[in-house]
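We did not get these values from a lab; they are worked out from the coordinates using the rules stated. Remember, predicted model here, so these are calculated numbers, not experimental data. Note that each Cβ is placed from the backbone with ideal geometry, even for glycine, and that neighbours are counted across all protein chains shown.
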């Protein structure tokens, strides 16, 4: 090993000829035992510590409670709308709610098709599926579209 000194030699540090060893804080640079052993930076004063799993789980629980209330409100509004549409169609077909006029009904062939569609609807209410509500909504939209204008 040679000692290099002077302007080209690295200021008196021990090293390999033509190369000076660089010393860094906390140990020698390039030391394989020091790799991956960085200290975690502690939060600076005034900075909040990142929340852990229990805190995040509690926050998620609060958000799920919000989603639950949205679900209840949305499902109630959907049920109210579909029920109102059903009642309106039934009243129109029965001649109720129309001011002293007989309702203008679709032709018998169209009414027969509507009856067949209503009987053919495939819904499994015990499963509580969203697609079943969609099928009912589609049926009501189809029936409403088949009614003569002026309903």
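A simple spin-label model places the labels of residue 76 and residue 145 3.2 nm from each other, with each point 7 Å out along Cα-to-Cβ. Let a ≥ b ≥ c be the square roots of the eigenvalues of the Cα gyration tensor of segment 55-146; is it rounded (a/c under 1.5), or, if not, prolate (a/b larger than b/c) or oblate? Prolate is the answer for segment 55-146, as a/c is 1.5 or above and a/b outweighs b/c. Placing pseudo-labels 7 Å out from each Cα toward the beta carbon at residue 86 and residue 105 gives an inter-label distance of 2.2 nm.
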